[in-house]
Amino acid sequence: MKKQFLGKALALFERFKTHKITSADLEEAEQKAKNLDVRKEDFQLLIAMCKDTFSGKYKMNKWNLSVIVATIIYVISPLDAIPDVIPVLGWIDDVTIIGYAISKLSEEILKYKLFSKQSIVVKS
């Protein structure tokens, strides 16, 4: 059962990698972050990385950006492995996909956190 769920979630995740994300998608993602419990901060970090990349403040390669975009689209999409309308279970696949993205982006996340700290120092 777990393998079927993860396989379906990853297949949908791959499908969403080519989707173009909009500012409305990012706003919806910020709203959905509230439901992600242990992955809330991770998801908010991915949203911030996406916004800073699109605004030109931060540079990352297209592959890493596609992983972030696919993750955000997966979370906000009504099409996922377990529909979000199912209480508690509906968020498990979203949390799993976020965890997968975080594990694939560990180096990029470290770079972004360093960039963020430097940006705060420069602004002060």
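Can you tell me how many residues within region 88-113 are at pLDDT 85 or above and either open to solvent by 100 Å² or more (accessible area, probe 1.4 Å) or among the aromatic types (Phe, Trp, Tyr) (or both)?
7
With the requirement that a residue be modelled with pLDDT of 90 or more, open to solvent by 80 Å² or more (accessible area, probe 1.4 Å) and among the acidic types (Asp, Glu), what does region 19-43 give you?
Glu27, Glu41
Provide a single number: the residues in region 44-65 that are open to solvent by 40 Å² or more (accessible area, probe 1.4 Å) and in a helix (DSSP H, G or I).
Final tally of qualifying residues: 5.
The values are calculated or read from the model by the stated rules, or taken from the named source; none is laboratory data. Worth saying up front: this structure is predicted, and the values here are computed from it rather than measured. Just the protein is used for accessible areas: all its heavy atoms, side chains included, with ligands, DNA and RNA removed. Shrake-Rupley method; radii C 1.70, N 1.55, O 1.52, S 1.80 Å.
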